[in-house]
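Some notes on the structure that comes next.
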Amino acid sequence: MTCHQVQTNLSVYLYGELDFALEEQLEEHLDTCSLCQLALAREKQWHTSLNTTRTDVPLDLLSDCRRELRRLIASPENKAEPRFSWRARISGWLRPIGFSGWSTRLAAASFLVFVGFTGGRWLDHDGGLGSIAGGATEMSLVSPATLRIRDIQPAQNDRVRIIVDRVEQQQVEGSLSDDVVRRLLLAAAKDPTDPGIRVDSVDLLKSQTGNDVRDALLFSVEHDPNAAVRLKALEGLRQYTADPVTREGLAVVLERDSDPGVRSEAIDVLVPANGQFDFSPGLAGTLESILRSERESDYVRMRCMQALQEMNGPGSVY
Amino acid sequence: MVEPQAQVLDNIAVHGTTDRSDERSLIRAAQRGDADAFEQLVRSYDQNVLRMALNLLHSPEDARDVYQEAFLRVYRNLPKFRFDCSFSTWLYRIVANLCLDQIRKRKVRKEEASAIDTDGGEVDRFQFLPERRADVDPQRQLMSSEVNTRIREVLERLTPRERLVFEMRHFQGMRLRAIGEALGVTEEAAKNCLFRATQKMRAALGDFV
């Protein structure tokens, strides 16, 4: 393999889409060619920089889309076609041979009578479906949306014991001040499966007050893996900035959050740009600590310095 | 309030119930008219679908249209789905066709989707997306917008099919075989398309990264 061939195939190689023989040849070449190793490093670099520019799905847009889809599906014109329509199928068979309207219905009725009569005789004769009745053959029982099979245990006499968790859908409607609604939203804010649900819950909770809401928002800010949810929770925490527990949480975010955008929002919540924040004794220490630990975001450092200067009056140097 | 409170609260822990459920079972349940199963099916894919449409079209409005139309088509035609291909291949085929249609329509209309006029002059429409807060960090904003602008320029220069293949392979992580199936071309044709796209990307970004 020549250098040119190697370098033109590098992207496909990085995607793992080269066939085995070509991949081996390419790797053999790479082992001995420093020029191609350099080219591979550059190729990896632009692949990586593409990944860093990737846009997160805006969760508000995702929520809107889901709501709209639900509404559209519920509308009568979008009802799914039935999977199997005997009536349509029988009409289809009969139409080419001149049956239509009442004659089709009559023919269909006769057909059904015939099926019923014959089927009944067959079932009486050899037991028919009775042989499997009572067994676990009802597929509708195993709806994956509502059931989860937790365990399967062999039992005696060729029997089996299946432990099934069943979930039933219920609708809860009420005002945000309603205790049940509130508790459901608090639980949904920690739903590990769906960031869309979490962002919706946090969005609703942020207009509420109370220690339980504050704690849920702090939990989201400190632990949610999705930056959009963390940002939404930070919006909600603006009303608690005088609260020491909230300040402590915000300081943790500023020290530990990997996303500079979240840290920038957190500093704005902790020390709003309009200067309307409480000069509590602990705040200066927190800001100094953040100033020391922040290496990446100039904005966070600048806001810390501004806040400290405001606390100490003009002329102070940090 | 539909249900007694205690009963409702007993059922708060409803999540994770389908972790182990098989997609095929979900599809069959949805085919029988199970709305929950359909919704779960949507939720397994909808973030990727929306991301793909956003990355390809750079317009939240168009991405929203593609999302709605794609899942509506799935909903209407799911009863006819016979597992001849994987569900994801079928879904991405629909999404890919819708995105290609949008891109072609734009070309016909000569619509400049990525720029809109405002009082402050022409700005990038994509900046109106509520993205992660690049806007509050000037340094990050600058870097991010320079790289984004360059990438967008390069992507605009790709043919619609090249963009689609590149998006599906690089950002969605789909295998070339699946991309070929979704686009109705051979794996080799998809590979050639990816090859051309990456050549162009490399040429344009080589000195930038």
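The values are calculated or read from the model by the stated rules, or taken from the named source; none is laboratory data. Just so we're clear, the structure is a prediction, and the values are computed from it rather than from any experiment. In this analysis, Cβ positions are derived from the backbone assuming ideal geometry, glycine residues included, and neighbour counts consider all displayed protein chains.
Data for the structure
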read-out	value
Qualifying residue in the stretch A:236-251 (condition: within 14 Å of chain B (Cβ to nearest Cβ) and assigned to a loop (DSSP other than H, G, I, E, B))	no
Residue identified as touching a residue at least 24 places away in the same chain (Cβ under 8 Å), within 23 Å of B:Met174 (Cα to Cα) and of a type in the set (A, V, I, L, M, F, W, C) among A:Leu22, A:Leu10, A:Leu35	A:Leu10
Counted residues, the stretch A:186-212 - those being within 13 Å of chain B (Cβ to nearest Cβ) and free of Cβ contacts under 8 Å to residues at least 24 places away in the same chain	8
Meets criteria (crowded, with 20+ Cβ neighbours inside 10 Å and either modelled with pLDDT of 85 or more or within 9 Å of chain B (Cβ to nearest Cβ) (or both)) for A:Ala228	yes
Leading residue by the ranking (farthest from A:Leu62 (Cα to Cα)) among those in the stretch A:235-247 that are buried (at least 17 other Cβ atoms within 10 Å of the Cβ) and in contact with a Ser or Thr (Cβ under 9 Å, 6 or more places away or on another chain)	A:Arg247
Condition check for A:Ser201: exposed (fewer than 10 other Cβ atoms within 10 Å of the Cβ), small (Gly, Ala, Ser) and at pLDDT 80 or above	no
Members of the stretch B:163-185 that are of a type in the set (A, V, I, L, M, F, W, C) and surrounded by 22 or more Cβ atoms within 10 Å (Cβ to Cβ)	B:Leu164, B:Val165, B:Phe166, B:Met168, B:Met174, B:Leu176, B:Ile179, B:Ala182
Residue in the stretch A:261-281 that is within 30 Å of A:Met311 (Cβ to Cβ), part of a helix (DSSP H, G or I) and free of Cβ contacts under 8 Å to residues at least 12 places away in the same chain present	yes
Failed criterion for A:Asp31 (all others in (1) charged (D, E, K, R); (2) at pLDDT 85 or above; (3) surrounded by 11 or more Cβ atoms within 10 Å (Cβ to Cβ) hold)	(3)
Selection within the stretch B:78-98 - farther than 18 Å from B:Arg43 by Cβ and touching an Asp or Glu at 6+ places or on another chain (Cβ under 8 Å)	B:Pro79, B:Lys80, B:Cys85, B:Thr89, B:Arg93, B:Leu98
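Let's see how each residue does on (1) at pLDDT below 85; (2) away from chain B (no Cβ under 11 Å):
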site: A:Arg150; (1), (2): yes, no
site: A:Asn157; (1), (2): yes, yes
site: A:Arg166; (1), (2): yes, no
site: A:Arg214; (1), (2): no, yes
